[in-house]
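Laboratory data are not the source of any read-out in this text; all were calculated from the coordinates shown. Everything numeric in this text was worked out from a predicted model, so none of it was measured. FYI the Cβ positions are ideal-geometry reconstructions off the backbone, even for glycines, and counts take in every protein chain you see.
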Amino acid sequence: MKNKQLWRISVSTTLEAEDAVAELLGLILGQPASSYFNLGTGVSIVSGFGPEKIILPCKVGAEIYAGLKRIKSCGLKIGAGKIKISRVCHEDWAESWKRHFKPIEIGGALLVKPSWNKLHARKNQAVVVLDPGLSFGTGQHPTTEFCLREIVRCRKSGMHQLFLDIGTGSGILAIAAAKLGYKPVRAFDFDPEAVRVAQANASVNGVHKKIRIERGDVAKLPEKPKEQFDLVCANLISNLLIGERRKIAAQLKPGGTLVLAGILKAEFLEVQKEFESLGLKLVSARSKREWRSGSFS
């Protein structure tokens with residue numbers, strides 16, 4: 001195993017399409033992809049790693065080309081879209097992959113870091129330990145980061161606040177909420193594998209008894225729920241947010257905050273209009289790369 005060779009497949013693209021290309025490589029290769037943006041050239045290099053039997057077959061290149069075409073058809077500029085394949089030692093791959101996942105600090109309240117990072121928390125700073133995996137959410141993505149910032153911003157010390165995470169992915173938002181003192185914390189995802197990963201991550205962080213993580217469908221949320229929440233995070237695609245807007249909004253307590261993320265800039269205004277038609281008001285929004293997220297009350 002020590003001399004085992006791994007291979008890197010890299011795609012040259014734009015900052016605008018970086019996240020979409022990284023997701024594409026992750027799905028094809030079965031491993032999370034990493035990215036590097038060269039400020040001088042304006043080119044993003046998205047890379048994924050795997051053994052020869054996965055990287056070298058011709059069908060992988062064809063899948064990537066087809067995926068790049070789909071990304072382009074969605075209106076994103078993919079740039080050169082050049083694919084490069086190279087051999088890399090296993091030891092080099094392991095360390096270079098880890099270097100792309102840096103700790104994230106949300107003020108003095110929250111630190112999100114991978115398990116291999118040695119950074120210590122500041123005084124009274126909650127820590128979430130989360131390693132990259134196949135389920136979405138390490139805090140690196142702009143939409144996840146926005147949700148984390150809103151969870152910190154909305155927390156009122158000494159207050160009893162209920163939290164709901166719709167489409168939990170890796171469980172990062174629910175874990176952060178539990179660490180910061182929200183209770184009870186509820187989370188669900190339609191993907192059973194995401195539920196398994198989120199439950200495992202909650203256990204690693206010692207909050208598995210504070211969070212109820214279940215498999216669920218946003219389309220089956222009750223429009224007249226028995227329990228409502230002070231803070232609801234829905235990090236979903238725009239079509240799903242709009243289609244299930246009444247059920248999502250119904251989970252919110254009067255005076256609570258609804259965080260909507262996972263929205264492309266070009267689609268945000270439509271999402272905003274649909275939720276404001278329900279009596280909600282946009283109170284905070286942020287754009288980063290091609291994404292825009294917002295909080296409503």
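Would you mind checking which residues have amide H under 5 Å from I263's amide H? H placed 1.01 Å from N; only 5 or more apart, or other chain.
Close amide H contacts, sequence-distant or interchain: R292.
What ratio of Cα Rg to 2.2 N^0.38 Å holds for segment 147-202?
1.10
For segment 227-277 and segment 36-52, write down the distance between their C-alpha centroids in whole Å.
Taking the Cα centre of segment 36-52 as reference, the centre of segment 227-277 is 33 Å away.
In what sequence, highest mean first, do 259-265, 286-292 appear when ranked by Cβ atoms within 10 angstrom?
259-265, 286-292
Grab the alpha carbons of segment 104-296, take their convex hull, and tell me the volume per residue in Å³.
Here the figure is 113 Å³ per residue.
For the chain, with a Gaussian network of springs between Cα atoms less than 10 Å apart, report the residue from K210, K224, K77 with the top mean-square fluctuation.
In this elastic network of the chain, the residue with the biggest mean-square fluctuation among K210, K224, K77 is K224.
What distance in nm lies between label points placed 7 Å from Cα along the C-beta direction at Q228 and R70?
Taking the two extended label points, one gets 3.9 nm.
Calculate, for R246 and R87, the FRET efficiency according to 1/(1 + (r/R0)^6) with r their C-beta to C-beta distance and R0 41 Å; round to the nearest 0.05.
The calculated FRET efficiency here is 0.20.
R0 = 35 Å: FRET efficiency of A121 with K288, Cβ-based, nearest 0.05?
0.90
Would you kindly state how much longer the chain becomes between H160 and K59 on full extension, computed as 0.36 nm times their sequence separation minus their alpha carbon distance, in nm to one decimal?
Gain in length upon complete extension: 31.0 nm.
Could you check the spin-label model distance between D131 and K209? Points 7 Å from the Cα along Cα→Cβ, value in nm.
Here the modelled spin labels are 2.5 nm apart.
If I take every Cα pair under 8 Å that is 6 or more residues apart in segment 237-279, average their sequence separation and divide by the length, what percent do I get for the relative contact order?
Value for segment 237-279: 58 percent.
Put +1 on the Cβ of each Lys and Arg and -1 on the Cβ of each Asp and Glu in the chain; which of S238, V271, G40 then has its Cα farthest toward the positive end of the dipole?
Positive-most Cα among the choices belongs to G40.
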